[in-house]
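Input: a single structure, listed below in structure tokens.
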Amino acid sequence: MDHVLSPIMEDYIETIFELLRREQVARVSDIATRMKVTMATVTSALRKLSAKKLINYSPYSTVSLTPAGKNLAEKIVRRHEVLADFFQNVLSLPPSKVAENACRMEHQIDDLLLERLVEYIEFVKLCPNMNIKWNEKNGFRCGQDENPKKFISCEDCSKSLARNTTHGGQQMNDSIGLHELKAGGRGRIIAVSLKNPGAKRMMEMGIVRGSLVEVERIAPLGDPIDIKVKGYHLSLRKEEAKNIFIEIM
Amino acid sequence: METLSKDKISLKNKSYQATKVVALTGNPNSGKTTIFNNLTGSRQHVANYPGVTVEIKESRVRNGGRDLKIVDLPGCYSLTPYSKEELIARNFIIDRKPDLVVDIIDLSNLERNLYLTVQLLELGIPIVLVLNQSDLAKRAGLRCDLAKLSRLLNVPVVETVGNRNIGTSQLLDTIWSELSNPRTPRPVIYENDFEEGIRQLCGDLKNSRDSDYPDKRWTAIKLIENDVDIKKRVWRMHPDADALSVLVDSVRRRLTSIYDTDPELAIADQRYGVIAGICRECTSADPRRRRSASDAIDSVALSKTFGLPLFLLTMYVVFHLTFTTAQPAMDFMEYCFVFLSSVLEGLWPEGSQSLLKSLLVDGIIAGVGSVVIFLPNILLLFLAIAVLEDSGYMARIAFLMDRIMNKIGLHGKSFIPMLTGFGCSIPGIMATRTLEHEHDRLTTMLVLPLISCGARLPIYALIIPAFFSAPWQAPVLWIIYITGIALSIVCARLLRSTILKGNQAPFVLELPPYRMPTVKGIFIHMWQKGWMYLRKAGTIILGISIVLWAMSTFPKPPEESLHGLTQEQVTEAEMAYSVAGRIGKAMEPLIKPLSFDWKIGTALVGALAAKEVFVAQLGIVYSMGEADEESESLRDTLRRNYNPLTGFCIMLFCLISAPCIATFAVTKKESGSWKWAFFQFIGLTVIAYIVTFAVYQTGRAFGIGV
Ligand SMILES: Nc1nc2c(ncn2[C@@H]2O[C@H](COP(=O)(O)OP(=O)(O)OP(=O)(O)O)[C@@H](O)[C@H]2O)c(=O)[nH]1
Ligand SMILES: [Mg+2]
């Protein structure tokens, strides 16, 4: 049976949960300090929660959560985290506002909205070449204006994406993915997308903005490619090379 | 009070002058192990592909009455680790806090190697910079101003050529002078925004000798780089982890918005910027650079037309060498042992029932001898592997095969442990440490015993010539090896799509330049492996042979039950009465459908200890069973007793079934759980049973090889 609790009561549950997690014990006095209320207020709230079998509480002892209470607490925390993620990483809210808004909204949203939100966050993080971020000057923009000179308007970009993504084309003016280079082709790296889990390792190995790369050859079976960067040979899969944008020289 | 007593202890330690620890670190394949061997006189494995060393190796050096501990570490590209062996190297440096770090740089590849150096400079530990492979750099027309580099970074710089042992004594001198008079390296300075962030975090960290993390500047930078492991260490130690965590987040967020990319990537950019500056200051390149020989080889060896055929040809040559070429030498060794046993037998009167004679002739010579005669094959196999490893072709194989491996659900790099597995499964399983993803690693480890190891070679070398005529010998060997490879592919595919699902790790592999393998290097390698094989024969296999001989001899049947039997029937009856006979007989119903009799059964049990024991045990059983005193070679005996189909089934079963005990133990250690070791052990045995059963029954039904 779902407990329908008021936001305040949910905050109590959350506070107790946090205290238990950090300090292994939740005292009435600590709860009062954290929630900025008097001990008497806390006591009366705890009684209500105890009546709903969400916590174990008897006067002058410490407080613990029942399994149902713990369950509820985890749900609330998750809602909080998803919202915070959304505010911070999708909407780029300033950090001070993130926690504040998340605390306020976490009590209001239901499971369906929550899951949609999760899906949306994932989508925005993954959307091809977008890497959407808030930018104080231009509003929401994708990763392409890492290099402002190469910026093309969002309308043009989406049109050209729709038209073709296969052959270089106008994706980002004259930048192409490294995987599109033929054997013998050379270029200068202008950006490395973060989508690839290996991005950091590649950068540590010298695939950084400004480096020259040359595709030495493509493996006989068509996949990994052998590139020369910083004077040595490195082999990469095309899948990884897709995330390295170069301008042809 | 407490601090006081601590001070006392550290003072005390000082007066004892604990042995200084010097760690060798550097990018993979930069020549660390080569230098380690030069410094310490050891013979650790050196080869020309990244990721050869996967364990920490230590050795002591005495020099003028002073003691020094030198440690060889696995290679790493950065101090933020990606795979297990890199983590081992990184953790050694920050946990064991060596007194000095020797950073071995591949001078022909200076820029990328300095990336690690830049991070080492931040540690605050004294560093000696070694510019190794300076011969290659010279050939490529690169000059480096050592004095300037040394001044810029405030570290001593030494130039070496590892494989020719040039510069070793100078390096040792530098190590000593640096230990007695350490300098603090000069860390690089980042752009203002970064420095601001670093300052902020440093204010919240403490430098202390017994903390879990090293210097605070280094730690602050790693926190900005979002190094998960370092974060955990700091959280554990820090009095107010929450506040620090919030601070780190805010610093990272600020940097993200300034640089418009993750701080860890922005910092990589900056480091390479700094490095480019250093290189501009200290090096000059000869503009008339020739195309290197290595590139010329690759333009054939990796080309569309020749790449794959050359690979197959190489593999063919490897097996041809280990099998056909070794044949005459092996025949000769076999002849020697037959001769030896007939000489020994001559010491006793004809028909003697002496137990000692039986132990010597039937136990030790038949057991150990039948294993030792395959030494030539083993030597040639390791010769071939050493050439592949030292030439640099190994990494190319990973490059050529990645597409296929990818289809199987494995990583191209998995091919390197697998190739190593042709020699022995144990180093193969250890080599899986270079695989970044746990599931890739486990899968490779689990299917690796299916790659036919050197210890199984004697089994094939015994059986194939016994049952197959010359033109068929090579193809049959190929079928066995390929069956192993095919099964490992099928199993890997199955594992990856069921219990070991997961994303593919990115394939990022350095292809080192080709090098001419040195005769000395190859011989050392061959000698080591050959010696190991002989030592195994002289210890484990000798011991087991004696045990197996005893088991096949005792208990003796009661005298009266043997009355009226011919000599041949007596030996048969005696053997059946012995412990081994009884075990074999008990197994017989189980292995009958595979066409195996009880003698093969006992040999299979013995093979669990080491695969070669299979051959030893057959030698023992048949040597005892010989009714007449004429020694005949084991092959002829086998030919008389079994048909080719059974021979083939034996090889198949030995190929697939449970790996030897040592492999089992290594799988347990590397996977970290008994679960996987048992899974591998039982799984493989079941597969072996099913496959052999199917092959035998089909063969019999169609009358092939019976
Ligand atoms: N030309 C040349 N080759 C060298 C030099 N030093 C080492 N080598 C070769 O470089 C290859 C790699 O040497 P290792 O000592 O195995 O390298 P490592 O740094 O221990 O490599 P990992 O264990 O994989 O990290 C071997 O083939 C060596 O023979 C050198 O100064 N010049
Ligand atoms: Mg090494």
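Structure data summary
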| item | result |
| --- | --- |
| Test: residue in segment B:435-447 that is open to solvent by 10 Å² or more (accessible area, probe 1.4 Å), out of contact with any Leu (no Cβ under 9 Å at 6 or more places or on another chain) and in the same structural domain as B:Ile485 (by TED's automatic domain parsing) | yes |
| Condition met for A:Glu180 (at pLDDT 80 or above, farther than 25 Å from B:Asn109 by Cα and over 16 Å from the mean Cα position of the chain (by Cα)) | yes |
| Check on B:Arg253, in contact (Cβ under 8 Å) with a residue 60 or more places away in the chain and basic (Lys, Arg) | no |
| Unique residue being in a loop (DSSP other than H, G, I, E, B), more than 8 Å from ligand 1 (Cβ to nearest atom) and surrounded by 14 or more Cβ atoms within 10 Å (Cβ to Cβ) when the list is B:Ser59, B:Ser42, B:Ser30 | B:Ser42 |
| Every residue from segment B:402-431 that is within 14 Å of chain A (Cβ to nearest Cβ) and hydroxyl-bearing (Ser, Thr, Tyr) | B:Ser414 |
| Filter result (at pLDDT below 85 and either in contact with a Ser or Thr (Cβ under 7 Å, 6 or more places away or on another chain) or closer than 24 Å to B:Ile94 by Cβ (or both)) within segment B:246-263 | B:Asp262 |
| Wholly within segment B:455-552, helices (runs of 4 or more DSSP H) carrying at least 3 residues that are of a type in the set (Ser, Thr, Tyr) | B:470-497 |
| Qualifying positions in segment B:298-339 - aromatic (Phe, Trp, Tyr) and within 14 Å of chain A (Cβ to nearest Cβ) | B:Phe306, B:Phe311 |
| Residue match in segment B:584-593 (condition: of a type outside the set (Lys, Arg), within 28 Å of B:Cys424 (Cβ to Cβ) and in contact (Cβ under 8 Å) with a residue 24 or more places away in the chain) | no |
| Extreme residue, farthest from the other protein chains (Cβ to nearest Cβ), among residues of segment B:45-56 that are among the aliphatic types (A, V, I, L, M) and more than 7 Å from ligand 1 (Cβ to nearest atom) | B:Ile56 |
| When residues of segment B:133-190 are limited to those that are in contact with a Pro (Cβ under 8 Å, 6 or more places away or on another chain) and hydrophobic (A, V, I, L, M, F, W, C), the one nearest to A:Tyr232 (Cα to Cα) | B:Leu136 |
| Checklist (1) open to solvent by less than 40 Å² (accessible area, probe 1.4 Å); (2) within 14 Å of another protein chain (Cβ to nearest Cβ); (3) not aliphatic (A, V, I, L, M) applied to B:Arg253, failing item | (1) |
| Test for B:Phe36: is it at pLDDT 90 or above, assigned to a helix (DSSP H, G or I), more than 14 Å from chain A (Cβ to nearest Cβ) and more than 10 Å from ligand 2 (Cβ to nearest atom) | no |
| Output for segment A:30-41, where each listed residue is free of Cβ contacts under 8 Å to residues at least 24 places away in the same chain and open to solvent by less than 50 Å² (accessible area, probe 1.4 Å) | A:Asp30, A:Ala32 |
| Any chance B:Lys501 is surrounded by fewer than 16 Cβ atoms within 10 Å (Cβ to Cβ), away from chain A (no Cβ under 14 Å) and modelled with pLDDT under 85 | yes |
| Boolean, B:Glu159 is at pLDDT 90 or above and either within 14 Å of another protein chain (Cβ to nearest Cβ) or within 13 Å of ligand 1 (Cβ to nearest atom) (or both) | yes |
| Residue check, B:Leu114 at pLDDT 90 or above, away from ligand 2 (no atom under 16 Å from the Cβ) and either assigned to a loop (DSSP other than H, G, I, E, B) or among the hydrophobic types (A, V, I, L, M, F, W, C) (or both) | yes |
| Close pairs (6 angstrom Cβ cut-off, 6 or more residues apart or separate chains): not assigned by TED's automatic domain parsing to the domain that holds B:Ile275 in segment B:133-153, open to solvent by 40 Å² or more (accessible area, probe 1.4 Å) and within 15 Å of ligand 1 (Cβ to nearest atom) anywhere | B:Gln133/B:Ser108; B:Ser134/B:Glu159; B:Leu136/B:Ser108; B:Ala137/B:Ser108; B:Ala140/B:Ser108 |
| So B:Leu87, is it more than 8 Å from ligand 1 (Cβ to nearest atom) and under 19 Å from the mean Cα position of the chain (by Cα) | yes |
| Search result, residues across segment B:43-82 that are more than 25 Å from B:Tyr393 (Cα to Cα) and within 14 Å of ligand 2 (Cβ to nearest atom) | B:Ile56, B:Lys57, B:Glu58, B:Ser59, B:Ile70, B:Val71 |
| Hits in segment B:104-154 (condition: open to solvent by less than 10 Å² (accessible area, probe 1.4 Å), over 31 Å from the mean Cα position of the chain (by Cα) and among the charged types (D, E, K, R)) | B:Glu122 |
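The values are calculated or read from the model by the stated rules, or taken from the named source; none is laboratory data. What you are looking at is a predicted structure, and each value in this text was computed from that prediction instead of being measured. FYI the Cβ positions are ideal-geometry reconstructions off the backbone, even for glycines, and counts take in every protein chain you see. Surface accessibility is based on the protein's heavy atoms, side chains included, excluding ligands, DNA and RNA. Shrake-Rupley method; radii C 1.70, N 1.55, O 1.52, S 1.80 Å.
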